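Report on the following structure.
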Amino acid sequence: MRLPLIGTVLVATALALGTNAFASSKDDWLGYNGSYAGDRYSTLTQIDRTNAPHLHPVCAFQYGELGPAQTAPVVAAGVMYVTGEETTYALDAKTCKVRWQNTYASTGPKAALANRGVALLDGKVFRGTPDSHLIAIDAATGRTLWNVPVSDSSDGSNTAAAPLAWQGKVYIGIAGSEDGVKGKVMAFSAADGTLLWTFSTIASGDDPGAATWGNAAATATGGGGTWSSYGLDPATATLFVPVGNPGPDFSADYRPGANLYTSSIVALDANTGKLRWYYQLVPHDYHDWDAAAPPALFRGANGKPMMSFAGKSGILFTIDYRTHALVSKVPVTTILDADKPFTTEGTHFCPGTLGGVEWNGPAYSSHDKLVYVNAVDWCSTVKLGEVRYVLGKSFLGSGNGMGVKDAQGGTGWLTAVDPLTGKIAWRYHAPGLMVAGVTVTAGGVLFTGETTGEFDAFDAANGKVLYRFNTGGSIAGGIATYAVGGKQYVVAVSGNQSRTSVKGGGAPTIFVFAL
Amino acid sequence: MRAIPAALLPCALMFALATLPARAIEPSLSADAVAAAIGDGRAMAARGEGYTIGEYLLFGIDDAFHISDDGQTIEAVAVGTPYERLRFHAYVLAHEGRPLSDGDTAQFLTAHRSTLELVVFVHSRSMADREFMQHFGAGMLDAGGNARAAEVSSTDPVLDSYYRPDGSVLKRWLGVVTFRFDLRDDAALAGAAAPATFSFTDDRGGVHRYALSLARYR
């Protein structure tokens, strides 16, 4: 749903699109989504649709630990940076050999075990920690340079997101909507970790949008966590933040109104943290339908700057970046009884609480003019119950926790969409969940992975499977492509063990493929 | 209070109803009361701001999000008369977007005729004790020396977040325990002007007592 601009700030877009706005070299993959624009598009062409069937694994790195494997590899000048729960690794991107490793020792409660990766800037590596700190590491030596708390993790808040770094600033926010955390995004000095600004993702007090919380008290535990990563338009200094669901997740009556800025993409002034505009995917969400993944910015086939994004509601949105007008809106998974109220007998709805587009968002191919996105197809049943007493009132909500997911398990979709028309070009239906990153190249190849362990290479134009390799572990992290010494590589993160790895397993392992 | 012979119960019931204060519990709701209860419940659902317990709240803590003492497990106690229960039923159905037919209403009223429910909102003392509500019991309603025992039921426990004073988060199971009293053979109790006492035992056997005047409630 498109909502009006806040204030009068209009973005005079001069989006540096068509090229990788992030990378100093097309050989690198310099952030969670490869570029500030987040289009997950590489101009590398050595691996193409004709030779992709000859891909094979060239090296692997085993973490030697169990746990979530959702990191997004970042590659610069032949060095790959990946994260585990507390350890950051710098690997030789050709051989997977460890150059250094940095192990952080949490001093507070570990609110999140998953970590989605690092940001790079000015010779420093930045990451969040399980106890909600932000640390800077010397990219050359692995030495910790500074360490600052982002929040008190004892309240359940966490910094599982991969930060983003730009012009002397490091951006990261906190998550924990299910614990009643009130979300926020912050900018820190890349030099020394000094806090520069904070933006609350829950509008309250005198904030614009505060009136969308019919019960002002609900903003204290409003949710709005941000837990994947961010996007940025350097030309306009605009930071894009995907904001998660409102809290309590299912007790919608406790928080009447649209509940801004939950389940939204929020555009902030990257220098000041001031709100520029927002687009709310799900007003007054009561299904746990976060906007989890950052958007992709690109120049469409019509020459206009576009923005595509999707959330757990399972709908891929494309808007005109300048006007914010909706261009297309396409379901990319099963959507069923999305507006049906919860009942005491149980309401079955899709996507379920673990459905739709999760922490890895859309990619856009400037070569094939298509947007690609992975999604989970898994429905849930939530039973209405009298779940909370607050000051003389009782509130209805889920009487069965996060609901019950369909017993037969979930499947996944990879969908290719013409963003200007909304027409689906092709779809792939996977037997397992599809939550991994999607990376597409000028060689006409799309790389992704499945929770059943397969690393996939598709023909980006028509969805034909060009190459498939079973890694033996659930693939739920980033997929990146890069070149070292004139040779193109693709990296996939396997072995995710979390609530999404129902059909996966394995142990966290980095796989690198090449011709 | 002396027991009333069964043969005289209908007469006693009529006498009791005739002498009830204006706001006495109605064992069988009048048509006007039914309409009012349904209308109130639907209006609350339409406002989308939760169910207002209002004058039926017997006890409630001020802040049910923060826990300063893990000995505290009772969040609120509400009096559920047939009128109030129908109002809540209408609220839930309206929230669900479902109709409440005359047949459904009649069935609900039959099930709740001359009953009184005491609704207790509770949370566990630890995250490990998911089954804590199963230990609540021994519900008694005592008015003028005439004591009644309750049937007990509880909702499925739901895990939710609470906070310590320092802001750290606690996970606790929460739910609703309902003590249901059948007053069909003692209408005088339902309308008793004298103070009554509702008591029950919690998950550790601790006794909780609340004074109430049933004559206050419709």
Are any residues in the stretch B:119-135 part of a helix (DSSP H, G or I) and crowded, with 21+ Cβ neighbours inside 10 Å, and if so, which ones? B:Phe132, B:Met133
Could you please give the count of residues in the stretch A:428-467 that are surrounded by fewer than 24 Cβ atoms within 10 Å (Cβ to Cβ) and of a type in the set (S, T, N, Q)? 2
Determine if the stretch B:161-175 includes at least one residue that is at pLDDT 90 or above, buried (at least 20 other Cβ atoms within 10 Å of the Cβ), away from every other protein chain (no Cβ under 14 Å) and closer than 16 Å to B:Gly80 by Cβ. no
Among the listed residues A:Lys393, A:Lys423, A:Lys405, A:Lys369, which satisfies the condition of being more than 21 Å from A:Thr318 (Cβ to Cβ), more than 14 Å from every other protein chain (Cβ to nearest Cβ) and among the basic types (Lys, Arg)? A:Lys405
A careful count of residues in the stretch B:94-112 that are at positive phi and either crowded, with 18+ Cβ neighbours inside 10 Å or more than 14 Å from chain A (Cβ to nearest Cβ) (or both) gives 0
Could you list, in sequence order, all residues of the stretch B:122-135 that are away from chain A (no Cβ under 14 Å) and not hydroxyl-bearing (Ser, Thr, Tyr)? B:Arg125, B:Ala128, B:Asp129, B:Glu131, B:Phe132, B:Gln134, B:His135
Say whether the condition of being in a helix (DSSP H, G or I), more than 9 Å from chain A (Cβ to nearest Cβ) and either loosely packed, with under 14 Cβ neighbours inside 10 Å or of a type outside the set (Asp, Glu) (or both) is met by at least one residue in the stretch B:75-84. yes
The residue that is surrounded by the most Cβ atoms within 10 Å (Cβ to Cβ), considering only those in the stretch B:62-73 that are more than 10 Å from chain A (Cβ to nearest Cβ) and either among the polar types (S, T, N, Q) or touching a residue at least 12 places away in the same chain (Cβ under 8 Å) (or both), is B:Thr73
Across the stretch B:176-185, which residue is nearest to B:Asp202 (Cα to Cα) among those that are more than 12 Å from chain A (Cβ to nearest Cβ) and surrounded by 19 or more Cβ atoms within 10 Å (Cβ to Cβ)? B:Phe179
Select from the stretch A:138-174 the residues that are assigned to a strand (DSSP E or B) and crowded, with 24+ Cβ neighbours inside 10 Å and write down the one among them that is nearest to the other protein chains (Cβ to nearest Cβ). A:Asn158
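Conditions tested, residue by residue: (1) within 14 Å of chain B (Cβ to nearest Cβ); (2) among the hydrophobic types (A, V, I, L, M, F, W, C).
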residue: A:Thr198; (1), (2): no, no
residue: A:Thr212; (1), (2): yes, no
residue: A:Thr221; (1), (2): yes, no
residue: A:Gly231; (1), (2): no, no
residue: A:Gly257; (1), (2): yes, no
residue: A:Ile265; (1), (2): no, yes
Strands (runs of 3 or more DSSP E) completely within the stretch A:25-129 that count 1 or more residues being closer than 26 Å to A:Asp459 by Cβ and out of contact with any Cys (no Cβ under 6 Å at 6 or more places or on another chain): A:56-62, A:74-76
Residue in the stretch A:240-264 that is farthest from B:Ala46 (Cα to Cα), counting only those that are buried (at least 24 other Cβ atoms within 10 Å of the Cβ) and aliphatic (A, V, I, L, M): A:Val241
Confirm whether A:Gly128 is without any contact (Cβ under 8 Å) to a residue 60 or more places away in the chain, over 21 Å from the mean Cα position of the chain (by Cα) and away from every other protein chain (no Cβ under 14 Å). no
Whichever residue in the stretch A:175-191 is within 14 Å of chain B (Cβ to nearest Cβ) and assigned to a strand (DSSP E or B) and, among such residues, is surrounded by the most Cβ atoms within 10 Å (Cβ to Cβ): A:Ala175
Taking the stretch B:40-61 on its own, how many of its residues are without any contact (Cβ under 8 Å) to a residue 24 or more places away in the chain and either under 16 Å from A:Asn215 (Cβ atoms) or more than 11 Å from chain A (Cβ to nearest Cβ) (or both)? 6
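Every residue, every condition in (1) closer than 30 Å to B:Gly41 by Cβ; (2) of a type in the set (Lys, Arg); (3) touching an Asp or Glu at 6+ places or on another chain (Cβ under 7 Å), yes or no:
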site	(1), (2), (3)
A:Ala375	no, no, no
A:Gly403	yes, no, no
A:Ala407	no, no, no
A:Thr415	no, no, no
A:Thr452	no, no, no
A:Phe458	no, no, no
A:Gly473	no, no, no
A:Ala483	no, no, yes
A:Tyr489	no, no, no
Mind listing just one residue for me: the one in the stretch B:136-160 that is exposed (fewer than 14 other Cβ atoms within 10 Å of the Cβ) and more than 20 Å from A:Glu386 (Cβ to Cβ) and, of those, farthest from the other protein chains (Cβ to nearest Cβ)? B:Gly145
Those residues of the stretch A:429-466 which are aromatic (Phe, Trp, Tyr) and either within 20 Å of A:Gly495 (Cβ to Cβ) or under 21 Å from the mean Cα position of the chain (by Cα) (or both), in sequence order: A:Phe447, A:Phe455
Which ranges mark the strands (runs of 3 or more DSSP E) fully within the stretch A:277-357 that have 1 or more residues being surrounded by fewer than 19 Cβ atoms within 10 Å (Cβ to Cβ)? A:315-320, A:326-331, A:347-349
Does A:Ile510 meet the test of being closer than 27 Å to A:Gly355 by Cβ, crowded, with 18+ Cβ neighbours inside 10 Å, modelled with pLDDT of 95 or more and in contact with a Pro (Cβ under 9 Å, 6 or more places away or on another chain)? no
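The values are calculated or read from the model by the stated rules, or taken from the named source; none is laboratory data. In this text the structure is predicted, and so the values were computed from the model without any measurement. We place every Cβ from the backbone using ideal geometry, glycine too, and count neighbours over all the protein chains shown.
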